[in-house]
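Values quoted throughout were computed directly from the atomic coordinates according to the rules given, and no laboratory measurement underlies them. For clarity, every value in this text was computed on a predicted model and none was experimentally measured. No Cβ is skipped: glycine too gets one built from the backbone with ideal geometry, and neighbour counts run over all protein chains shown.
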Amino acid sequence: MSHKINIVLFGIGNVGSTLINQVLESQRFFLEQKNIELRFPILTNSTLAFFEKDGVENQWEANFAQSAVPFHLDDILNCVKSQQLDNLIAVDATASSDLVQSYIPLIQNGFHIVAANKIANTLPIGFYKTLRQNRDKFDKQFLYETNVGAGLPIINTISDLYYSGEKITKIRGVFSGSLSYIFNRLGKENLSFSTILKAAEKAGYTEPDSREDLSGNDVARKLLILAREVGFHAEFQDIKITSLLLPNLNEKNTKSEYAISKELLDKPYRIAKLTQLDNHVLRYIGELDLIDKTLEVKLVSEPANSPLGQLKGADSLIEIYTQSYGENPIVIQGAGAGKEVTARGVLTDILKISETIKREASVSV
């Protein structure tokens with residue numbers, strides 16, 4: 001008999017819809033190899049929910065469009081209770097700050113949580129701790145591997161090292177696929193910064209407003225998540241962020257002003273490129289120094305033959321320095337963004353929880 005896992009999916013945009021399709025494509029494999037049946041009895045976007053007790057099928061998009069209704073969290077909790085659904089996992093594939101406030105009520109009502117959404121792990125430390133206290137009290141899991149590096153095993157690796165007693169001394173790297181793409185091309189090609197930036201926007205590497213990337217805030221949030229993962233309970237305002245924007249071209253400009261003024265970025269980054277040492281390249285990194293207790297997001301010049309200097313495409317790369325490994329860091333590199341790898345990372349977290357549910361069920365029999 002298969003173990004039925006009921007997934008309530010919040011968010012059916014790029015990552016959420018890709019996740020559903022990945023599950024539907026691999027459903028037979030999960031049944032045959034893991035004896036697990038993953039079902040989506042409830043799907044939501046920001047305002048509507050689609051309820052399907054037995055789980056969605058291949059025509060889920062058309063069914064959602066026809067049958068979704070306005071909802072509140074209580075509607076989902078009541079549905080789960082009335083249908084007597086168990087083995088519950090709530091998946092947050094949104095960027096909603098409001099939904100994050102529902103994590104604790106969801107846990108208290110029997111849900112495990114898988115989050116692609118980074119917000120819960122970057123809110124003030126009081127919420128961060130309360131969420132984990134509830135997770136432990138109700139014996140649920142809260143997994144979020146895709147918060148940093150999409151599908152790369154960064155959080156798990158760092159967490160495993162930390163909880164094995166390894167002394168981590170420094171974590172540094174390129175956390176942003178969009179900024180990796182921009183500076184990788186800037187180092188190799190005779191193109192202006194604004195030309196490459198516009199290409200990154202067109203290719204979908206950046207946020208819809210690329211100032212989100214250039215401000216350094218996204219890198220800072222990822223750095224904060226990793227800092228807290230190793231017991232350094234910092235706040236966002238503790239991070240020193242050197243923005244890539246300019247005093248006369250920043251978040252205060254209107255979107256249209258920013259759109260027509262990107263060439264202002266060309267001169268400072270051309271100068272930065274030309275004034276480096278030979279065989280060096282620019283990289284925008286996050287750095288956590290656990291000896292000095294500092295968190296910093298900044299533009300640096302790296303040797304072209306170093307791991308960071310050899311980055312290509314839109315890859316991310318994280319260096320983890322520890323006492324045991326000395327001067328030779330653990331290096332994790334790969335695609336750090338994209339709906340396919342992010343959805344696959346979310347699915348991996350879902351399957352980890354599913355295996356735990358399956359083990360607990362076999363013990364209780």
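When the chain is treated as a GNM with alpha-carbon contacts under 10 Å, the residue of Ser96, Ser256, Ser159 showing the greatest mean-square fluctuation is Ser256. Each residue of the stretch 106-112 was assigned a 3J(HN,Hα) from its phi angle through the Karplus curve 6.51 cos²θ - 1.76 cosθ + 1.60 (θ = phi - 60°); the sequence is 5, 4, 5, 9, x, 8, 7 Hz, with glycine and proline shown as x.
Note on the chain: with a GNM built from Cα contacts shorter than 10 Å, the maximum mean-square fluctuation among Thr322, Thr254, Thr342 falls on Thr254. Taking every DSSP bridge with both residues inside the stretch 154-336, close to 95 percent are antiparallel. What separates the Cα centres of the stretch 146-198 and the stretch 262-341 is a distance of 7 Å. Expressed in Å, the radius of gyration and Dmax of the Cα atoms of the stretch 154-336 are 16.6, 52.
Looking at the stretch 1-156, the DSSP beta bridges with both ends there are about 20 percent antiparallel.
When only Cα pairs under 8 Å and 6 or more residues apart are kept, what is the percent relative contact order across the stretch 150-220?
Taking the mean separation of contacting Cα pairs over the length of the stretch 150-220, I get 25 percent.
Measuring against 22 Å, Cα to Cα, the residue pairs Lys198/Lys273; Lys129/Lys222; Lys188/Lys240 contain Lys188/Lys240 as the ones spanning a longer distance. Amide H contacts for Phe175 (H built 1.01 Å from N in the peptide plane; partners 5 or more residues away or on another chain; cut-off under 5 Å): Gly286. Per-residue ellipticity at 222 nm, computed for the chain from helices alone with -39500 (n - 2.57) per DSSP H run of at least four residues, works out to -12000 deg cm²/dmol. May I ask you to derive the relative contact order of the chain, considering only C-alpha pairs under 8 Å and at least 6 residues apart, and to give it as an integer percent? Here the relative contact order equals 20 percent.
When you filter the GluC sites (Glu not before Pro) in the stretch 35-76 for DSSP loop state and at most 13 other Cβ atoms inside 10 Å of their Cβ, you are left with Glu57. Using the structure shown, list the pairs from Lys81/Lys358; Lys262/Lys339; Lys4/Lys81 with a Cα-Cα distance above 19 Å, or answer none. From the list (Lys81/Lys358; Lys262/Lys339; Lys4/Lys81), the Cα-Cα distance tops 19 Å for Lys81/Lys358; Lys262/Lys339.
Amide hydrogen proximity for Thr169: with H placed 1.01 Å from N in the peptide plane, the residues at 5 or more positions away or on another chain lying under 5 Å are Tyr321, Thr322, Gln323.
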